[in-house]
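**Student:** Below you'll find the structure I mean.
The values are calculated or read from the model by the stated rules, or taken from the named source; none is laboratory data. Being a predicted model, the structure only gives us computed values, none of them experimental. Backbone-built Cβ (ideal geometry, glycine too); neighbour counts: all protein chains shown.
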Amino acid sequence: MLPCAITYLNTLLTNINGMKAAGFPESAYKAQKQIAEKISEHINVISENVQAMIEARKVANKLSDSREKAIDYCEKIKGPYFDTIRYHADKLEFLVDDKIWALPKYRELLFLR
């Protein structure tokens, strides 16, 4: 998911820089710049939350009691991190071109027969 988004972001930035170098006015690449900023924001939030979730999982995995571990995963991992990561990944699905997104998109899975 993230490599696809990063690839698309790099493509957008290459296009923006090419348009700047060719002397296009900023209005010509304004939309691409806004999309690149949104993609970058979503990637950053996902990356930060994945790292924090990994640290929280390390703590939870040290628990020996299965019930306590399950509660810890539910309250300290799924709630604060997983839902945030999922939200931003869903937003990336709409921004990244279908040809670059390697996985089936959530909306495509809903209508798969």
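**Student:** Filtering the stretch 92-113 down to residues that are free of Cβ contacts under 8 Å to residues at least 60 places away in the same chain and in a helix (DSSP H, G or I), which residue is farthest from residue 40 (Cα to Cα)?
**Tutor:** This residue is 110.
**Student:** Report every pair of residues separated by at least 6 positions or lying on different chains whose Cβ atoms are under 8 Å apart, first residue within the stretch 1-17 and within 12 Å of residue 100 (Cα to Cα), second surrounded by 14 or more Cβ atoms within 10 Å (Cβ to Cβ) and not hydrophobic (A, V, I, L, M, F, W, C).
**Tutor:** Once the first residue is within 12 Å of residue 100 (Cα to Cα) and sits in the stretch 1-17, its partners that are surrounded by 14 or more Cβ atoms within 10 Å (Cβ to Cβ) and not hydrophobic (A, V, I, L, M, F, W, C) give 5/42; 9/40.
**Student:** Something else about it: Of all residues in the stretch 21-51, which are among the polar types (S, T, N, Q) and surrounded by 12 or more Cβ atoms within 10 Å (Cβ to Cβ)?
**Tutor:** If the condition is that a residue be among the polar types (S, T, N, Q) and surrounded by 12 or more Cβ atoms within 10 Å (Cβ to Cβ), then 32, 40, 47, 49 are the ones that fit.
**Student:** Checking the structure you have, find out if any residue of the stretch 80-102 is modelled with pLDDT of 95 or more, touching a Ser or Thr at 6+ places or on another chain (Cβ under 8 Å) and surrounded by 11 or more Cβ atoms within 10 Å (Cβ to Cβ).
**Tutor:** no
**Student:** Please work out which residue is farthest from residue 5 (Cα to Cα), limiting yourself to the stretch 59-91 and to residues that are in a helix (DSSP H, G or I) and among the polar types (S, T, N, Q).
**Tutor:** Of everything passing the filter in the stretch 59-91, 66 is farthest from residue 5 (Cα to Cα).
**Student:** Pick from 30, 69: which is free of Cβ contacts under 8 Å to residues at least 12 places away in the same chain and farther than 17 Å from residue 95 by Cα?
**Tutor:** Within the list 30, 69, the selection yields 69.
**Student:** Then there is this: Which of the residues that make up the stretch 52-63 are within 21 Å of the chain's Cα centre (by Cα) and surrounded by 15 or more Cβ atoms within 10 Å (Cβ to Cβ)?
**Tutor:** Hits for the stretch 52-63 are 52, 53, 56, 57.
**Student:** Could you please find all residues in the stretch 64-79 being more than 20 Å from the chain's Cα centre (by Cα) and surrounded by 11 or more Cβ atoms within 10 Å (Cβ to Cβ)?
**Tutor:** Hits for the stretch 64-79 are 68, 69, 70, 71, 72, 73, 74, 75, 76.
**Student:** Another question, if that's okay. Going by what's in this entry, would residue 56 be described as at pLDDT below 95, of a type in the set (Gly, Ala, Ser), in contact with a Pro (Cβ under 9 Å, 6 or more places away or on another chain) and in a helix (DSSP H, G or I)?
**Tutor:** Answer is yes for this residue.
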